[in-house]
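Worksheet for the structure shown next.
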Amino acid sequence: MYNDRPIPRIDPRRPYVIGPSGLKRIVLGESVGSREPLLAGHAHSQQKPQRSAGPFAKRSLVVIHTDRGALDEAARETLAAAAIMASADTEVLVVLFGAQAEALGDAAALAGADRVLCVEDPGYAPERKLALLAQLWKQEAPQQVCFPDRGADADLGRRFACRQRLAMASDVIEVVAGHEVRRLAPGGRFAVRDIPPVLLLARKVADARLPFRGAGVAMPDLKLPVAQERIRDLGSRSCPASQLALEEADLIVSAGNGVQDTAGLRQLAETMGAAVGASRVAVDDGRFTRDKQVGATGKTVQASAYLAFGISGAVQHLQGIKECRHVIAVNLDASAPIVKRADLTLVEDCQALIAALNKLLAAERSARPVTENTR
Amino acid sequence: MSTPMLKVAVLVAPAIHPVSGRPCTHPADSAALALGLKLAGSSERLTVLYAGAAADEALAGYLAQGASCVTVLPTAEDADIAPLLAAQIADAELVLCGTRAGGGQGSALLPYQLAEELEAPLLPDALSVAIKGGSVEIEQFLPKGQRRSLAAALPVVVTVHERATPALPYSHARKEAGKVRRLMPVAAKAAEWRYEPGGRRARPLVAASRASGHERMLGAIAADDGKTTGLVVKQGDPVEKAQVLLDYLRDHQLVDF
Ligand SMILES: Cc1cc2nc3c(=O)[nH]c(=O)nc-3n(C[C@H](O)[C@H](O)[C@H](O)COP(=O)(O)OP(=O)(O)OC[C@H]3O[C@@H](n4cnc5c(N)ncnc54)[C@H](O)[C@@H]3O)c2cc1C
Ligand SMILES: Nc1ncnc2c1ncn2[C@@H]1O[C@H](COP(=O)(O)O)[C@@H](O)[C@H]1O
């Protein structure tokens, strides 16, 4: 049959956006986007809508100890939970210990905060922090105070609830907004109660990817009020990495099949104060003991920085480093799967790079006055 | 070593075994007991206390681990026991708890409540406890291999981390010799928790999205949540790349040298 319909013509320069993998995406019927490859960079990092424009009658308070001034995943989830629970006339006010407003940028707003109060963090100072929270509790009269249930926040949250004699729920893993909270009690049961004023939220309580953002009004940075501490902080130290279980280490130097120079790697770990990990191939080869294996059948690690030398990044290995914040890869192959996961990739021979790093660190050490090393 | 006549109270609670569901000892409470035995020196100055509805057999593990007598304050299950326990241990100078119980609520809250009731400072997550004159010094467990030393004047409440001290080995002879002493039952206010069978996954809070289907599709294919590949450095010799690596670590404050 002869088709008399006009031939559908495809515009070869239809608008497109660049996806996260760097590929061009053409969406039919879409008129936004770019025709110019050079302008296409971030066509889709468009502003998210604001959750609520106010005016705010009520308040919900979130208290977070930042991780070196940044929000980690637990903090983001707690903020997201508070923002999702908040009604349109409820403002999410976040107190960030150890953060600075200018360094933080709009990270808190993107995580859902409407008002941000950055406070210095002098280390262990429960009484002074409690004094600040008591002051905020009175001034702002929040409906709810949320803490992530981990580390310093877990400690402060429990102290706050007991000091103010407020009902609280810890390890909350499920919130039915406006109704009840749920936690896992020993024996595999759920414990349920109606929402108390103080909430300590466990990981995965909320999905941190929000379709909205908070107003993110920054308040001037604050110093803690003066209060008599009953506990003296005598300072902290970090354990030598060699004595530390891999799961506990903060910095890990990990070796894969590409590393032949294990002595150099061990020396590097020693000078950096890092723990040593390995991929399964390196362990099977007998270069490392089984307890060093990272991955699905090895250990799951939570380091802030994970240095992967000569590791291809098989899924089984990547499973073990899911929780690592910064991954740095050294590999000869710029298309190895680890490169997708890594925040920084150096395309280089491991042996050469390890040697260079060792030399660099040794040179810095000898150039420095000796007094600095005796901390 | 330790000051003479230091009165120590150790709080223990039976845990629910995660597999068998039977009552057993909890590693953190066992560690607290082992520390208490060491610091008190003699058993007269050590009180091992439990409040609740558990049977004597559930506490036998602690007898086997060195407690010569466990004092039980019988209350209803799930009662608000903090004020009752606080009244019992009001004269103790050092109160040792586990960081978290393996039974009941297991919310790591009781030591904080006790500290507030007793108006004593609370030293959390101790790996070691030392008595120096009238004060207590602990080494606190922090994640990522950090340790912190904290000190406070007696009386104090200390929560003991399960890695602090290995418990005394289980001894059947000690278990037979030890006794469980029951006090008069007391009534207490019930806690506000209800129980539901577990076994399902918890549902996370997810923000309701007002976006249209088309917008969500766009978000899924081009949104910023999909992690983009980081920086890839190909140029330069090994020394330059080593410098890039060090600079990255320092810029993100991941190392302190
Ligand atoms: C059921 C199952 C469970 C598993 N569990 C684990 C696990 O828990 N942990 C784990 O790690 N693996 C596990 N594996 C194995 C996993 O699939 C991979 O085989 C393994 O992780 C690969 O290790 P690799 O990256 O060190 O070695 P390879 O895959 O051989 O990769 C070596 C990499 O080093 C690079 N390279 C080579 N020479 C150099 C050089 N001189 N300089 C720089 N780079 C160089 C190469 O380009 C390559 O990318 C499991 C597999 C299975 C089937
Ligand atoms: N019923 C109880 N009787 C005595 N001590 C308890 C009881 N419940 C908890 N504890 C102590 O308090 C610690 C923390 O308990 P929890 O707050 O329930 O997690 C435990 O490790 C015990 O030392």
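Key figures
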| item | result |
| --- | --- |
| Residue tally, condition within 12 Å of another protein chain (Cβ to nearest Cβ) and within 20 Å of A:L224 (Cβ to Cβ), over region A:99-113 | 1 |
| Within region B:49-69, considering residues that are in a loop (DSSP other than H, G, I, E, B) and touching a residue at least 60 places away in the same chain (Cβ under 8 Å), the one nearest to ligand 1 (Cβ to nearest atom) | B:Q65 |
| Residue list for region A:279-303, filter: within 11 Å of chain B (Cβ to nearest Cβ) and either within 9 Å of ligand 1 (Cβ to nearest atom) or more than 20 Å from A:Q267 (Cα to Cα) (or both) | A:V301, A:Q302 |
| Residue check, A:Q144 polar (S, T, N, Q) and over 26 Å from the mean Cα position of the chain (by Cα) | no |
| Test: residue in region A:217-236 that is touching a strand residue (DSSP E or B) at 6+ places or on another chain (Cβ under 6 Å), assigned to a loop (DSSP other than H, G, I, E, B) and at the interface with chain B (Cβ under 10 Å from one of its Cβ atoms) | yes |
| Selected residue (only one of B:L122, B:L94, B:L127 is away from ligand 2 (no atom under 11 Å from the Cβ), closer than 13 Å to B:A32 by Cβ, without any contact (Cβ under 8 Å) to a residue 60 or more places away in the chain and among the aliphatic types (A, V, I, L, M)) | B:L127 |
| Filter result for B:L59 (under 26 Å from B:P155 (Cα atoms) and crowded, with 20+ Cβ neighbours inside 10 Å) | no |
| Whichever residue in region B:127-150 is out of contact with any helix residue (DSSP H, G or I) (no Cβ under 7 Å at 6 or more places or on another chain) and assigned to a loop (DSSP other than H, G, I, E, B) and, among such residues, is surrounded by the fewest Cβ atoms within 10 Å (Cβ to Cβ) | B:G133 |
| Boolean, A:L96 is under 21 Å from the mean Cα position of the chain (by Cα), in a strand (DSSP E or B), within 13 Å of chain B (Cβ to nearest Cβ) and under 26 Å from B:L142 (Cβ atoms) | no |
| Residues (hydrophobic (A, V, I, L, M, F, W, C) and either within 16 Å of ligand 2 (Cβ to nearest atom) or within 7 Å of chain B (Cβ to nearest Cβ) (or both)) located in region A:304-354 | A:A305, A:I328, A:A334, A:V339, A:A342, A:L344, A:L346, A:V347, A:A352, A:L353 |
| Region B:11-27, residues that are among the hydrophobic types (A, V, I, L, M, F, W, C) and part of a loop (DSSP other than H, G, I, E, B) | B:V12, B:A13, B:V19 |
| Condition check for A:V253: assigned to a strand (DSSP E or B), more than 30 Å from A:S60 (Cα to Cα) and in contact with a helix residue (DSSP H, G or I) (Cβ under 9 Å, 6 or more places away or on another chain) | yes |
| Some residue of region B:70-89 being facing chain A (nearest Cβ under 10 Å), assigned to a loop (DSSP other than H, G, I, E, B) and more than 16 Å from ligand 1 (Cβ to nearest atom) | yes |
| Exclusive hit being surrounded by fewer than 18 Cβ atoms within 10 Å (Cβ to Cβ), modelled with pLDDT under 90 and assigned by TED's automatic domain parsing to the domain that holds B:A54, set B:R200, B:R163 | B:R163 |
| Any hit, region B:18-26, residues being near ligand 2 (Cβ under 10 Å from one of its atoms) and crowded, with 16+ Cβ neighbours inside 10 Å | yes |
| Hits in region A:233-265 - residues which are under 19 Å from A:L360 (Cβ atoms) and surrounded by fewer than 16 Cβ atoms within 10 Å (Cβ to Cβ) | A:A263 |
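The values are calculated or read from the model by the stated rules, or taken from the named source; none is laboratory data. The shown structure was predicted, so the numbers you read here are calculated from the model rather than taken from an experiment. Quick reminder, even Gly has a Cβ in these numbers, built from the backbone with ideal geometry, and neighbours come from all protein chains shown.
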